[in-house]
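The values are calculated or read from the model by the stated rules, or taken from the named source; none is laboratory data. Quantities reported herein were computed from a predicted structural model and do not represent experimental measurements. Heads up, the Cβs are rebuilt from the backbone with ideal geometry, glycines too, and the neighbour counts pull from every protein chain shown. Side chains are part of the model used for accessible areas, which takes the heavy atoms of the whole protein and leaves out ligands, DNA and RNA. Shrake-Rupley method; radii C 1.70, N 1.55, O 1.52, S 1.80 Å.
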Amino acid sequence: MGTNIGEALKLAAREAERVPSPANPTVILLTDGGSNHGPDPVKVAAALKGRDIQLDIIGIGGSPAEVNEADLKRMASVVNGQLRYWFIESSDALVDRFEALALREVR
């Protein structure tokens, strides 16, 4: 089998679109960036962003060089000049990032 990031993004977008009148449809992808099966995730991400679905991408793994950052950064949305990509090095940093994302939505 393999990691199918492209199909996962499509599924997440379909679910996001089921929410009636979402104020800011957002998909959060937590990944090492290694997609070895299915449609090209960079192309799928571009299509989703073209439909005004925000993509927040969190890279996890040994180091930024090991997570395919080039593709993950291309996949991530840019909102108000800020790239919506983060590399996370620890479980504490991951919790902090999810809390920041949740608090942004609450405000």
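Taking only DSSP H segments of four or more residues, each worth -39500 (n - 2.57), what value at 222 nm results for the chain once the sum is divided by all its residues, to the nearest 500 deg cm²/dmol? Working shown, then result.
Working: 4 runs with 46 residues, N = 107.
Calculated from helices alone, the mean residue ellipticity at 222 nm is -13000 deg cm²/dmol.
How much of the DSSP bridge set in the chain is antiparallel, in percent, rounded to the nearest 5?
Of those bridges, close to 15 percent are antiparallel.
Given a Förster distance of 25 Å, report the FRET efficiency between Ala70 and Ala23 from their Cβ-Cβ distance, rounded to the nearest 0.05. Intermediate values should be presented prior to the final figure.
Details: r = 31 Å, r/R0 = 1.24.
So, using R0 = 25 Å, E works out to roughly 0.20.
Taking only Cα atoms and a 10 Å spring cutoff, compute GNM fluctuations for the chain and point out the largest among Gly33, Gly62, Gly81.
Gly81
Using a basic spin-label model with each label point 7 Å from the Cα along Cα→Cβ, how many nm lie between Leu94 and Val78?
2.9
In square angstrom, what is the accessible area per residue of the chain with a 1.4 angstrom probe?
Working: 6400 Å² over 107 residues.
That works out to 60 Å² per residue.
Between the stretch 77-98 and the stretch 1-67, what's the alpha-carbon centroid distance in Å?
14
Which whole-number percent of Cα pairs in the chain have a distance greater than 20 Å?
Pairs farther apart than 20 Å: 38 percent.
Ignoring ligands, DNA and RNA, what percent of the 1.4 Å accessible area of the chain is carbon and sulfur?
Values: 3380 of 6400 Å².
C and S fraction of accessible area: 53 percent.
Rounded to the nearest 0.05, what FRET efficiency do Leu103 and Glu15 give with R0 = 35 Å and r taken as the Cβ-Cβ distance? Could you check?
With R0 = 35 Å, the Cβ-Cβ based efficiency is 0.95.
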